[in-house]
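Asker: Can you keep this structure in mind? I'll have questions shortly.
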Amino acid sequence: TPLGISLDLSRGHPTGTAEILSLFELHAPLSQINCDNTNIEVKISQKSSAEFVLTAQAKHISEHGNMSVKLMVCSVDSNDLPCFVSVWIHNPPEVEVVPLTLLFQPRTEQQTRILWLKQHGAAPLTLLDVVASSDKYHCEIDPDPVSNNYRIYVNAWQQDPVADQTNVLTLKLKDSRNHEKFITVPILIEQ
């Protein structure tokens, strides 16, 4: 059983392969593939009597996130053991904020956290500003010179947990038609 096939759609890799090497003599070549996901196209080719190449390609995947698909590869002869292969698919949204929530420790000294704005879509947004809900936060925007991503340094001080108080960062963005978009990131104080 190979380790599996990884498809990272954020990097434009919708196709992956795995080599299957049979340790037992097969009665018939591996030719049957059972896949429970119609968005994955899978093919198998034979390199030698005991070596096969399994190719998986993502097609029309609209669901965002991480998912896995189990494949069963077998021959037409029931005396041959099946081979199980996992296909892992990473399909992030067009705009991704990492982490989803900023955590700070309850300290008065300055603390720094990094917030990433990663863009995977065909029409990237422009980050205009990051506005904090409290003056205890200062943000610096650092655009990545080789991509449309942004690193945001968030400096905080006097972080005391206050009951029923939630601080947020609001990311102000602009699309290609000059429409403003907003993304809110909660800030929590660890207790």
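Asker: List the number of the failed condition for Thr108; all other conditions in (1) assigned to a loop (DSSP other than H, G, I, E, B); (2) of a type in the set (Val, Ile, Thr); (3) within 15 Å of Ile40 (Cα to Cα) hold.
Answerer: (3)
Asker: Take Ile189 and decide whether it is within 22 Å of His64 (Cα to Cα), surrounded by 13 or more Cβ atoms within 10 Å (Cβ to Cβ), out of contact with any helix residue (DSSP H, G or I) (no Cβ under 8 Å at 6 or more places or on another chain) and in contact (Cβ under 8 Å) with a residue 60 or more places away in the chain.
Answerer: no
Asker: Sticking with this one: Of all residues in region 161-184, how many are under 19 Å from Ala122 (Cβ atoms) and open to solvent by 30 Å² or more (accessible area, probe 1.4 Å)?
Answerer: Going through region 161-184 one residue at a time, the tally reaches 7.
Asker: Here are the criteria: (1) in a loop (DSSP other than H, G, I, E, B); (2) under 19 Å from the mean Cα position of the chain (by Cα); (3) at pLDDT 90 or above; (4) not small (Gly, Ala, Ser). Tell me which single one Pro93 does not satisfy.
Answerer: So Pro93 meets the others, but not (3).
Asker: Moving on to the next point. Residue pairs, Cβ under 8 Å, 6 or more apart or interchain, first in region 135-161 and basic (Lys, Arg), second part of a loop (DSSP other than H, G, I, E, B) and surrounded by 13 or more Cβ atoms within 10 Å (Cβ to Cβ). List them.
Answerer: Hits for this filter: Lys136/Trp157; Lys136/Gln159; Arg151/Asp144.
Asker: Give the residue that is modelled with the lowest pLDDT, with candidates limited to residues of region 1-36 that are of a type in the set (Gly, Ala, Ser) and under 24 Å from the mean Cα position of the chain (by Cα).
Answerer: Gly12
Asker: Now for a different question. Which pairs turn up if I take residues in region 44-66 that are farther than 23 Å from Glu94 by Cα and free of Cβ contacts under 8 Å to residues at least 60 places away in the same chain and look for partners that are of a type in the set (D, E, K, R) and open to solvent by less than 70 Å² (accessible area, probe 1.4 Å) with beta carbon separation below 9 Å, at least 6 apart in sequence or on another chain?
Answerer: Here the result reads none, with nothing in region 44-66 linked to a residue that is of a type in the set (D, E, K, R) and open to solvent by less than 70 Å² (accessible area, probe 1.4 Å).
Asker: Follow-up. Could you please find all residues in region 1-57 being open to solvent by 80 Å² or more (accessible area, probe 1.4 Å) and outside any strand (DSSP E or B)?
Answerer: Across region 1-57, the qualifying residues are Thr1, Leu3, Arg11, Leu23, Phe24, Glu25, His27, Asp36, Thr38, Lys47, Ser49.
Asker: Take the residues in region 114-144 that are assigned to a loop (DSSP other than H, G, I, E, B) and under 21 Å from the mean Cα position of the chain (by Cα), then tell me which one is farthest from Glu180 (Cα to Cα).
Answerer: Checked region 114-144; the qualifying residue farthest from Glu180 (Cα to Cα) is Asp144.
Asker: Now for a separate question. Please indicate, with yes or no, whether at least one residue in region 152-160 is modelled with pLDDT of 95 or more and open to solvent by 30 Å² or more (accessible area, probe 1.4 Å).
Answerer: Yes, because at least one residue in region 152-160 is modelled with pLDDT of 95 or more and open to solvent by 30 Å² or more (accessible area, probe 1.4 Å).
Asker: Related question: Just to be sure I understand, how many residues within region 58-69 are open to solvent by 20 Å² or more (accessible area, probe 1.4 Å) and part of a strand (DSSP E or B)?
Answerer: Total meeting the criteria: 4.
Asker: Can you spot a residue in region 70-87 that is of a type in the set (D, E, K, R), touching a Pro at 6+ places or on another chain (Cβ under 9 Å) and open to solvent by 30 Å² or more (accessible area, probe 1.4 Å)?
Answerer: no
Asker: Show the residue pairs meeting these rules: Cβ distance below 8 Å; 6+ apart or different chains; first residue within region 79-94 and among the hydroxyl-bearing types (Ser, Thr, Tyr); second residue buried (at least 17 other Cβ atoms within 10 Å of the Cβ).
Answerer: Ser86/Gly4; Ser86/Ile5; Ser86/Val69; Ser86/Leu71
The values are calculated or read from the model by the stated rules, or taken from the named source; none is laboratory data. From a predicted model like this one, the values you see are computed outputs, not experimental measurements. Counting neighbours? That spans all protein chains shown, and the Cβs are built from the backbone with ideal geometry, glycine included. Surface areas here come from the heavy atoms of the whole protein model, side chains and all, with no ligands, DNA or RNA. Shrake-Rupley method; radii C 1.70, N 1.55, O 1.52, S 1.80 Å.
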